[in-house]
Structure formats: structure tokens, C-alpha cells
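The values are calculated or read from the model by the stated rules, or taken from the named source; none is laboratory data. Being a predicted model, the structure only gives us computed values, none of them experimental. Cβ atoms come from the backbone with ideal geometry, glycine included; neighbour counts cover every protein chain shown. Just so you know, the surface numbers come from the protein's heavy atoms only, side chains and all, with ligands and any DNA or RNA stripped out. Shrake-Rupley method; radii C 1.70, N 1.55, O 1.52, S 1.80 Å.
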Amino acid sequence: MAEINTEGGGKKKGPGVKKGKKLSTRVDLTPMVDLGFLLITFFIFTTTMSQPTAMRLYLPKDTERQEEQTKVKESGALTILLGSNDRIFYYEGKLADDQSNVVETDFANVRDVIINKKKTTDPEDFVVVIKPGPTSVYRNTVDILDEMTINAVKRYALVDISDVELTMVQKIEAGQ
Amino acid sequence: MPKIKVPRKSTAVDMTAMCDVAFLLLSFFILTSKFKPSEELSVVTPSSVATETALENDVVLITMDAEGRAYFSVSDDAEEQKRKIIDEVNSERNLNLTDAEKAGFLRAGSYVGVPFSQLKSFLSMTAKERTQVELPGIPIDSANNELRVWLKAAQNAFMGQKMNLMLKGDNEAKYPTFKGVLDALKANDMLKFQLITSPDAIPEGTEFYRIQQLKAKGIEVSDGD
């Protein structure tokens, strides 16, 4: 029968009564601590991983009236065209008639292109025009918008690709 | 001179206190962590350097999947607005939805991914059945942009309240889908919204990195909005 010995240790028992061995009540807690910290690490890792962030995007209002539209100086404009398979084409200023000023780049190098253009133009005139093609994916658009944040480009616009540019991009992509 | 007797001490340390701390922290993390609800739409979001965490209340969410289909959903805490939205869509499009079908929209975690013509049968499905059928998505092309109607209803339902408009797109969604969603938003004059992304490290040495460093030191930097 389980019972608790409440008697003090000092009292002498009668002869023949076995002296109960006093067991320590201490338990080794080391494995429990190990387990505790293991679970903590698990929860720390699982919680921080799945926190989505939000990227703000403000669209300009569509307007037909000329006077409400934002004027852009051609010399300060950098136009970035997004093609298929993560390919990027860009040109500075106005698209030349023979399309000779179009350069191809990729997502690893587009940052340098933006930084260079930013350095060499008057901050007042600097504007980046982003034209995603129909074959580009959503990730490309977000990546480019992200580059605008990274390089602190204050003026940028998301514009539809024009037919001339589209045929040009398709021609380049088909040729290589 | 008497020898000094150094008492031999046990090397065992009392672990009770450490154990207490460990489990206290453990219970804290368990209580604060929120498990990701199993999502019926599998979308892999692109990453960005945005530091803001996505809000979870009063959210109107547009989801684009990899095949370019659009879905519309409202967060579960905005129950009253959800009811208004489905009522408005119902009367706007003369869908003759029954209360049971409306309940299919009001249910927690529900989303819409069909044109209006199929909405009636879609809403009468159970959540399990919805995952089994191939959903066509809400039409967003310029000729028939039904997402506009949904967004308009959402705008009216959240009238006078803060609505968190979010867009969650898959990496591989093609741009025309995004364009269709943007058109629907622009048509309703909803020009401020947020794109849900997964966090990414800020590349060192860039302008934004420098701004963040200054902000961390408590120096105000004008964003130049």
C-alpha cells in the first residue's frame, strides 16, 4: 500500500521494524529541459517563416484629358520591356526608328542599368517606364517594382506595351 | 596548521528553474504562433523587400493562380460585409440565389472562382467538392470583366470603413491576368492596394538598404511621395 511516511526521521522504531529507505524526491530534469528547448526552436522556426509581407502599389487614375496627364521628359526616361523567360529589354529616351538603342539585360544586371541612369539624369526628369509584355509573368513585374523600391526610384509607371515594341521584342526573342 | 578541508560538492545542477523557463517560453510560442490555414488555392507568391506584414482583417483578396485564373474572397471577420456583397451581386445580376446558396459564400474560408453563370451551382457545392472540380476562374478579360462587379459590391459593402485590398498572385501568372485585375480595380477607382509577397533580404549597398539603415538609427528620411 502506498502511504506517505510523515514521521520524522529521528524517532526510533521498535525492534524488528524495517527502516524504510529514504529515497530522494529529486528528479533529473535535464531531458525535460532538452525537450523543452527543442520544441521552442521548432516553434520559432515555424512561426517566422510563414509571415507574408505586403507591397504597396498605387495606380494612377486613368484620364483622357491631356492636361491631367503626367508629362515626361524623353531624355530622362528609361523604358524597361519585360519579355518571356525573364528577359529584359530596355532603352533610354525615345525608341529609335531603327530600334538601335534597345539593349538586352537580365534581372541580375538591371539594377546597375537603373542606378547608372539615375546617376546620369536630373532627378527632376528621371522616370522609369515599365512595360510588361504579354508573355512575361507576374513575378517579373513584382521584381521590377521591387527594384524601384530598392533603388529608391520615386517616379515610375506601369504602362501597356505598344505594338511597335511588342513586335520588336517578339522578333528579338524569335531570332535567338 | 590545520588542513583546510574543501567540501566535495556535487556537480549536479538543479534543473528545475531552467525547465520552468523552457516551458514558459514554449507555451508563449505555442500561443502566439498562428498556423497557416490549409489553403485550397495553391499560390506561390513572389518575394519582395517590402517590410510591412500583410494585414489580416477586413481583407478583400484577389488571387491569381499560375494558370491565370482569378478568384475573389473576403476575410472571415467581415461577415456583415460578406452578406452585403453576395446580396448586392445577387440583385445586380438577377441570380436568384437561395439562402442556402448564399451561405455557401458566407462560410469561413470560401472563395469564388466561377463566372456568374455558374455561380449558383458553385455555391451549392461543399468545400470538398469545390477542390475536386476544375474552376474556370472569374472572367477578367476586357470584354467581360466580372471581377469589376465583385469589386464594386465589395466597395459598397465596405463603404465608410477601411478595406484592405490585397492582391495575391502566383509567380507564373501571366501579365495579361494581372492587367485584367488592374483594369477591374481601375474601373472602380480602387487605386490603392497591396501585393502579397514573401519577404526577401534587402541587397546590401543599395539605396533602399541605406534608407533602412538610417531609419533604424532613428533618422527621418523623406520617402518623397
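At-a-glance table
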{"item": "Protection-proxy order for peptides A:51-59, B:164-172, B:182-190, each taking the mean of Cβ atoms within 10 Å per residue, highest first", "result": "B:164-172, B:182-190, A:51-59"}
{"item": "Simple spin-label estimate for A:E104 and A:K154 in nanometres, 7 Å along Cα-Cβ", "result": "3.6 nm"}
{"item": "Full-stretch length increase - A:A96, A:L38 - with 0.36 nm per residue and alpha-carbon distance subtracted", "result": "14.6 nm"}
{"item": "Per-residue SASA entry for B:V21, accessible area with 1.4 Å probe, Å² rounded to 10", "result": "80 Å²"}
{"item": "Extension gain, A:R26 back to A:E173 (0.36 nm per residue minus Cα-Cα distance, nm)", "result": "45.4 nm"}
{"item": "Estimated distance in nm for a label pair at B:E207 and B:K5, the labels positioned 7 Å out from Cα along Cα-to-Cβ", "result": "7.9 nm"}
{"item": "Debye, to nearest 20: dipole size of the protein assembly as shown, +1 on Lys, Arg Cβ, -1 on Asp, Glu Cβ", "result": "3420 debye"}
{"item": "Along principal axes, Cα extents of the stretch B:56-198, largest first, whole Å", "result": "37, 36, 31"}
{"item": "Approximate shape of the protein assembly as shown as ellipsoid semi-axes (Cα gyration tensor, √5λ), whole Å, largest first", "result": "58, 34, 18"}
{"item": "Label-to-label distance, nm, for residues given as A:L59 and B:A216 (7 Å Cα→Cβ offset)", "result": "3.6 nm"}
{"item": "Length-normalised contact order for chain B - Cα pairs under 8 Å, 6+ apart - percent", "result": "26 percent"}
{"item": "Restricting the stretch A:83-138 to GluC sites (Glu not before Pro) in coil, as DSSP defines it, with at most 12 other Cβ within 10 Å", "result": "A:E124"}
{"item": "In Å², nearest 10: area of B:L41 left accessible to a 1.4 Å probe", "result": "30 Å²"}
{"item": "Net charge contributed by nearby residues that have their C-beta within less than 13 Å of B:P136 (K/R +1, D/E -1)", "result": "-3"}
{"item": "The stretch A:57-176, relative contact order in percent, only Cα pairs under 8 angstrom and at least six apart counted", "result": "26 percent"}
{"item": "Bins of 5 Å from zero: percent of alpha-carbon pairs in the stretch B:17-100", "result": "3, 9, 12, 15, 16, 13, 10, 8, 6, 3, 2, 1, 1, 0"}
{"item": "Sparsely packed trypsin sites (Lys or Arg not before Pro) within the stretch B:3-95, loop by DSSP, other Cβ within 10 Å at most 14", "result": "B:K3, B:K5, B:R8, B:K9, B:K34"}
{"item": "Surface share of carbon and sulfur [accessible, 1.4 angstrom probe, percent] for the protein assembly as shown", "result": "54 percent"}
{"item": "The stretch A:79-118: trypsin sites (Lys or Arg not before Pro) in DSSP coil with no more than 14 other Cβ atoms inside 10 Å", "result": "A:K94"}
{"item": "Between helix B:175-187 and chain B: long-axis angle, C-alpha atoms, 0 to 90°, nearest 10", "result": "70 degrees"}
{"item": "Potential extension, B:T131-B:A17 segment - 0.36 nm per residue separation minus Cα distance", "result": "36.1 nm"}
{"item": "Shielding by partners - mean other protein chain Cβ count within 10 Å, residues of B:4-16", "result": "2"}
